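Each remark here refers to the structure printed beneath this line.
The values are calculated or read from the model by the stated rules, or taken from the named source; none is laboratory data. Please read these numbers as outputs of a predicted model, since none were measured by experiment. Here Cβ is always computed from backbone atoms with ideal geometry, including for glycine, and neighbour counts include all displayed protein chains.
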Amino acid sequence: MYIFQPERIILREQIKKHAHYLSGVVLDVGAGTGDRYGAFIKCEKFLRMDVRAGADIDIVGRAEAIPLDDESVDGALCTQVFEHLELPEGSAREIYRVLKPGGFLLMTAPQVNELHEEPNDFFRYTKFGLTAMFERAGFKTITYEQRGGFFTTRAQITIRYLIDRLRLYERPFLGRAMGKIILVYGKFMMWLDTMDKSQANRKHTLGWCVVFRK
């Protein structure tokens with residue numbers, strides 16, 4: 001059952017928007033289940049790595065110890081993974097290690113999120129924290145983009161609370177009924193963000209999409 005969540009919509013749009021940075025052999029670090037973004041990445045070879053084996057996983061490995069040679073991939077994708085890493089600094093250095101000189105990393109991370117995948121949920125990031133960490137690893141920051149403002153952030157928190165509190169995915173009839181209300185509410189709040197250009201609005205965000213270059 002599908003329930004509208006603003007973060008997932010914007011995240012997908014951001015990956016699609018910045019996917020042109022990735023080409024050649026591309027490594028998806030922390031790919032998870034299913035092919036979420038592979039269709040956006042126009043590359044020679046798309047390698048999906050995760051800590052758990054699966055039908056869609058090409059490499060079983062951890063971000064802090066990627067089982068690939070130095071300078072062996074042209075680009076890397078890493079979406080919503082770094083909040084789950086106990087050793088994020090080491091993982092940033094590992095991605096830098098396996099990238100060829102001039103290669104790009106397209107990554108996303110949350111600034112606001114509910115607890116999830118407990119107990120493996122360790123960090124939240126501002127743009128300053130992300131860019132500082134990856135630049136210490138040797139990367140150059142090319143561009144960054146925030147994921148929604150105050151209204152979208154508030155909507156995502158509210159929707160996620162309702163999903164968990166009312167167990168909407170476990171109760172199909174209620175989930176479908178609430179889903180219609182949630183859809184209208186979520187889209188309205190996202191529209192409010194487009195109308196509010198104030199600095200106050202931009203101080204709030206769900207997270208960040210950043211492009212780095214080795």
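Taking the listed residues Arg52, Arg12, Arg48, Arg8, the one that is buried (at least 17 other Cβ atoms within 10 Å of the Cβ), within 19 Å of the chain's Cα centre (by Cα) and of a type outside the set (S, T, N, Q) is Arg48, with no other qualifying. Can you confirm whether the stretch 119-134 contains a residue that is closer than 17 Å to Arg8 by Cα and part of a helix (DSSP H, G or I)? No, the stretch 119-134 contains no residue that is closer than 17 Å to Arg8 by Cα and part of a helix (DSSP H, G or I).
I'd like the residue in the stretch 116-158 that is basic (Lys, Arg) and within 16 Å of the chain's Cα centre (by Cα) and, out of all such residues, is surrounded by the fewest Cβ atoms within 10 Å (Cβ to Cβ). My answer is Arg124. Of everything in the stretch 72-99, what is farther than 17 Å from Gly38 by Cβ, in contact with a Gly (Cβ under 8 Å, 6 or more places away or on another chain) and not aromatic (Phe, Trp, Tyr)? Give them in sequence order. Within the stretch 72-99, His84, Arg93, Leu99 meet the criteria. If I filter the stretch 142-170 down to residues being in contact with an Asp or Glu (Cβ under 6 Å, 6 or more places away or on another chain) and of a type outside the set (Gly, Ala, Ser), which single residue comes out as farthest from Thr205 (Cα to Cα)? Here the answer is Arg160. In this structure, is Tyr161 surrounded by fewer than 17 Cβ atoms within 10 Å (Cβ to Cβ), of a type in the set (Phe, Trp, Tyr) and assigned to a loop (DSSP other than H, G, I, E, B)? So Tyr161 fails the test. Taking the criterion of being under 19 Å from Gln14 (Cβ atoms) and out of contact with any Lys or Arg (no Cβ under 9 Å at 6 or more places or on another chain), the residues of the stretch 173-191 that qualify are Gly186, Lys187, Met190, Trp191.
Are any of the residues in the stretch 168-176 within 30 Å of Ala92 (Cβ to Cβ) and surrounded by fewer than 17 Cβ atoms within 10 Å (Cβ to Cβ)? So far as the stretch 168-176 goes, no, none of its residues is within 30 Å of Ala92 (Cβ to Cβ) and surrounded by fewer than 17 Cβ atoms within 10 Å (Cβ to Cβ). Looking only at the stretch 39-54, residues that are of a type in the set (A, V, I, L, M) and in contact with a Ser or Thr (Cβ under 9 Å, 6 or more places away or on another chain) come to 1 in all.
For the stretch 138-193, a residue qualifies if it is β-branched (Val, Ile, Thr) and touching a Pro at 6+ places or on another chain (Cβ under 8 Å), and the qualifying residues are Thr152, Ile159. The set of residues from the stretch 80-103 being crowded, with 22+ Cβ neighbours inside 10 Å and either in a strand (DSSP E or B) or among the small types (Gly, Ala, Ser) (or both) comprises Ser91, Ala92, Leu99, Gly103. Close Cβ contacts (under 7 Å, 6 or more residues apart or on different chains) running from residues in the stretch 80-97 that are farther than 16 Å from Ala109 by Cα to residues that are part of a loop (DSSP other than H, G, I, E, B) and among the β-branched types (Val, Ile, Thr) comprise Glu94/Ile66. Set side by side, the residues Gly75, Gly61, Gly38, Gly24 differ, and just one is modelled with pLDDT under 90 and either surrounded by 13 or more Cβ atoms within 10 Å (Cβ to Cβ) or of a type in the set (Gly, Ala, Ser) (or both), which is Gly38.
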